[in-house]
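Let me begin by presenting the structure, written as structure tokens, before commenting on it.
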Amino acid sequence: MSLDKSIKIGIGLGNIKFGCTRDELKKIIGEPSEIDTYNATGEEDGYLTESWHYDEDEFSVSFDEEDNWRLTTIAVSSPDFEFNGKKIIGLSVDETLSSLENENLGSNELEDLSDEHINHKLLSFVESSLNLWFENDQLSEIQWGVLWDDEDTPAWPK
């Protein structure tokens, strides 16, 4: 099955919607290449997150125990994925901002996470649950999640 590579803020990826269950996702796209389970908060009593990796298509999804194991986050790294018809993986920070300026994503914040070994930056659009990860000034990963009615209530797409 061919994966629809259209990024949809607040909704999902192609016909994969935030809020779907693990079984529903398997029916849409099949078994993942790899599954990781980890404590999302780092605290002893924190909730678990399960990440499914689809290596061939270069994307991952995450399901949170706290949200009844429903799909909450998607991350893509292949330049084949499109944001409103635009391929933006590989663009610089400035090119990415220019490409997204008419998308009504809300305000953004650019954070420098570099160390002595690698140049990393994170461009976040909090209102849109969108994180753009840059390595050596090139967009390397797009990560987005379900939108929220409030801090504890996901706004699952219909």
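Every read-out reported here was derived from the displayed coordinates using simple, explicitly stated rules and does not represent laboratory data. This one's a predicted model, so the numbers in the text were calculated from it and none came from an experiment. A quick note on method: Cβ atoms are made from the backbone with ideal geometry, for glycine too, and the neighbour counts reach across all protein chains shown.
Quick look at the values:
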quantity	calculated
Whole-number percent relative contact order across the chain, with pairs defined as alpha carbons under 8 Å at least 6 apart	21
Cα-based Lys pair tally, the range 6-154, threshold under 22 Å, eight or more apart or on separate chains	11
Assigned charges on the beta-carbon of Lys, Arg, Asp, Glu; the chain dipole about Cα centre (debye)	960
Ranked list, fewest to most other Cβ atoms within 10 Å of each Cβ, for Leu25, Leu147	Leu147, Leu25
Cleavage-rule hits, GluC sites (Glu not before Pro), the range 29-89, DSSP coil, Cβ neighbours within 10 Å at most 16	Glu43, Glu44
Residue exposure sequence - Phe81, Phe18 - by fewest surrounding Cβ within 10 Å	Phe81, Phe18
Footprinting exposure proxy for Arg70, Arg22 (fewest neighbouring C-beta atoms within 10 Å first)	Arg22, Arg70
All aspartates and glutamates inside 15 Å of Lys5 as judged from Cα atoms, apart from same-chain residues fewer than 8 positions distant	Asp55, Glu56, Asp57, Glu58, Asp80, Glu82, Glu141
